1. Have a look at Ala204, Ala185 and point out the one that is among the small types (Gly, Ala, Ser) and either outside the structural domain of Ile269 (by TED's automatic domain parsing) or closer than 24 Å to Asp248 by Cα (or both).
2. Taking region 257-269, which residues are more than 16 Å from the ligand (Cβ to nearest atom), within 29 Å of Ser309 (Cβ to Cβ) and in contact with a helix residue (DSSP H, G or I) (Cβ under 9 Å, 6 or more places away or on another chain)?
3. Name the one entry in Ala201, Ala215 that is modelled with pLDDT of 95 or more and surrounded by fewer than 19 Cβ atoms within 10 Å (Cβ to Cβ).
4. Condition first: among the acidic types (Asp, Glu), outside the structural domain of Met97 (by TED's automatic domain parsing) and crowded, with 17+ Cβ neighbours inside 10 Å. Can you find one or more residues in region 168-179 that meet it?
5. I'm told Ala182 meets every condition in (1) closer than 21 Å to Ala294 by Cα; (2) within 13 Å of the ligand (Cβ to nearest atom); (3) not acidic (Asp, Glu) except one. Can you identify the failing condition by its number?
6. For region 86-108, does any single residue satisfy the condition of being aromatic (Phe, Trp, Tyr), away from the ligand (no atom under 16 Å from the Cβ), at negative phi and in contact with a strand residue (DSSP E or B) (Cβ under 8 Å, 6 or more places away or on another chain)?
7. Hey, any hits in region 213-221 for a residue that's aromatic (Phe, Trp, Tyr), more than 11 Å from the ligand (Cβ to nearest atom), closer than 23 Å to Thr172 by Cβ and assigned by TED's automatic domain parsing to the domain that holds Ala182?
Amino acid sequence: MQTILSPKPSFDFDNFTFGVQATDRMLVAHYGQSAWQDYKIVPFGEITLSPLAMCFHYGQTVFEGMKAYRMVDGGINLFRMGKHHERLNRSLRRMAMPEVPASLFIEGLTELIRQEEKWIIDNPDYSLYIRPFVIATEPRLGVDAAEEYLFMIVLSPLKSYYSKNLRVKVETEYIRAAHGGAGSAKNGGNYGASMLPQRLAKKAGFDQILWLDAAERKYVEESGTMNIMFILDGKTLITPPTGDTILDGITRDSLLRLAPLQGLEVEEIRVSVSELIDWIDAGVRVEAFGVGTAAVISPFEEISYLGKSYPTYTGKDACMYGLKQELSDIRRGISEDKFEWNFRV
Ligand SMILES: Cc1ncc(COP(=O)(O)O)c(C=O)c1O
């Protein structure tokens, strides 16, 4: 059992903006001459790169997003660490970047979390967000995979709020990912390309975008940086299958495994936007929500398509809340970790 340390005294855990405050330390490892060097844990601070560093020009950047939780017995849980490591390496392969070996990722992250333990306070509303990333650092202007890279892990405290219900717009002009592209990689470019459509949707009064497939503009794929799920009449959970246009979300995977235990049937099938509208028009109780590490579950209250608005169900008895609670209970060690998702530090 771990001792619970008091929070960093100079940090106001009640009042902060996510992602602005890093913890005291970070992990750094260099890659060059075809090998990763040993990692170092150093005080958080700025890094120096040549303006010729290839990450600035050709987009060889990959990141992950995961969380560490304080468990009810005082221990620390790196939730689904192995799956995040696997996905990091999948993204790296797609971007012709060197994979990060388990010895570096797991040992390095574990050590960093041990040193930064005091940032994971004993409160179910808090977690520590973990941002591992790899960037091409070789100073060379040439469109070619770099020979030098930097792997880093930075940490930032996160407070989960009761997420507000979202008004979501089906995006009919821009697309996020096409077959053969890099949509299933957590590569920076995918996110850069989503900023303009996201901004336009916000300007039009929406909170989030619902992306359609690139080929037919017919099937719903993801929402912002979340996978999407629907629950019909409290019985069937439906989500589009992952592939090279949909990120293999770890929250998605976890919820798909928990849903049958809560009496839901699960179907991984493509859902067309017209089908979705038909369900709503026919009076089916449609729960629609985005799922991802940051907010876990973000309920949609409305889906707008070509200027018309369709309400989705967010009543107190919606099944999505039960799924969210169970996932949280597993992470905190309240419910049994049947699938061995918890990695104790
Ligand atoms: C495009 C995209 N889809 C889905 C997700 C959800 O994935 P996860 O549940 O692993 O956070 C994310 C967040 O990482 C994302 O960036």
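1. On the way: Ala204 fails: either outside the structural domain of Ile269 (by TED's automatic domain parsing) or closer than 24 Å to Asp248 by Cα (or both).
Only one candidate qualifies: Ala185.
2. The first filter runs over region 257-269 and keeps only residues more than 16 Å from the ligand (Cβ to nearest atom), leaving 260-267, 269.
Now narrow it down to the ones that are within 29 Å of Ser309 (Cβ to Cβ): 264-267, 269.
Residues satisfying the conditions are Leu264, Glu265, Val266.
3. Details: Ala201 fails: surrounded by fewer than 19 Cβ atoms within 10 Å (Cβ to Cβ).
Criteria check complete, one pass: Ala215.
4. Within region 168-179, the first condition is being among the acidic types (Asp, Glu), and the residues that meet it are 171, 173.
Checking the rest, the ones that are also outside the structural domain of Met97 (by TED's automatic domain parsing) come to 171, 173.
With the extra rule that they be crowded, with 17+ Cβ neighbours inside 10 Å, the set shrinks to 171.
Yes: one or more hits.
5. (1)
6. Filtering region 86-108 for residues aromatic (Phe, Trp, Tyr) gives 105.
Okay, now just the ones that are also away from the ligand (no atom under 16 Å from the Cβ), so none.
No, the conditions are met nowhere in region 86-108.
7. Kept after step one, since they are aromatic (Phe, Trp, Tyr), are these residues of region 213-221: 219.
After this cut, where a residue has to be more than 11 Å from the ligand (Cβ to nearest atom) as well, the list is 219.
Filter again for closer than 23 Å to Thr172 by Cβ, leaving 219.
Filter once more, so that each one left must be assigned by TED's automatic domain parsing to the domain that holds Ala182: 219.
Checked against the condition, which is being aromatic (Phe, Trp, Tyr), more than 11 Å from the ligand (Cβ to nearest atom), closer than 23 Å to Thr172 by Cβ and assigned by TED's automatic domain parsing to the domain that holds Ala182, region 213-221 yields at least one hit.
Matching residues to (1) touching a helix residue (DSSP H, G or I) at 6+ places or on another chain (Cβ under 8 Å); (2) in a helix (DSSP H, G or I); (3) within 22 Å of Arg167 (Cα to Cα); (4) not acidic (Asp, Glu):
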position: Asp253; (1), (2), (3), (4): yes, yes, no, no
position: Ser274; (1), (2), (3), (4): no, yes, yes, yes
position: Asp278; (1), (2), (3), (4): no, yes, yes, no
position: Gly283; (1), (2), (3), (4): no, no, yes, yes
position: Gly290; (1), (2), (3), (4): no, no, yes, yes
position: Ser298; (1), (2), (3), (4): no, no, yes, yes
position: Met320; (1), (2), (3), (4): no, yes, yes, yes
position: Glu326; (1), (2), (3), (4): yes, yes, no, no
position: Glu340; (1), (2), (3), (4): no, no, no, no
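The values are calculated or read from the model by the stated rules, or taken from the named source; none is laboratory data. A quick note: this is a predicted structure, and the numbers were derived from the prediction, not measured. With ideal geometry, Cβ positions are generated from the backbone for all residues, glycine too; neighbour counts draw on all protein chains shown.
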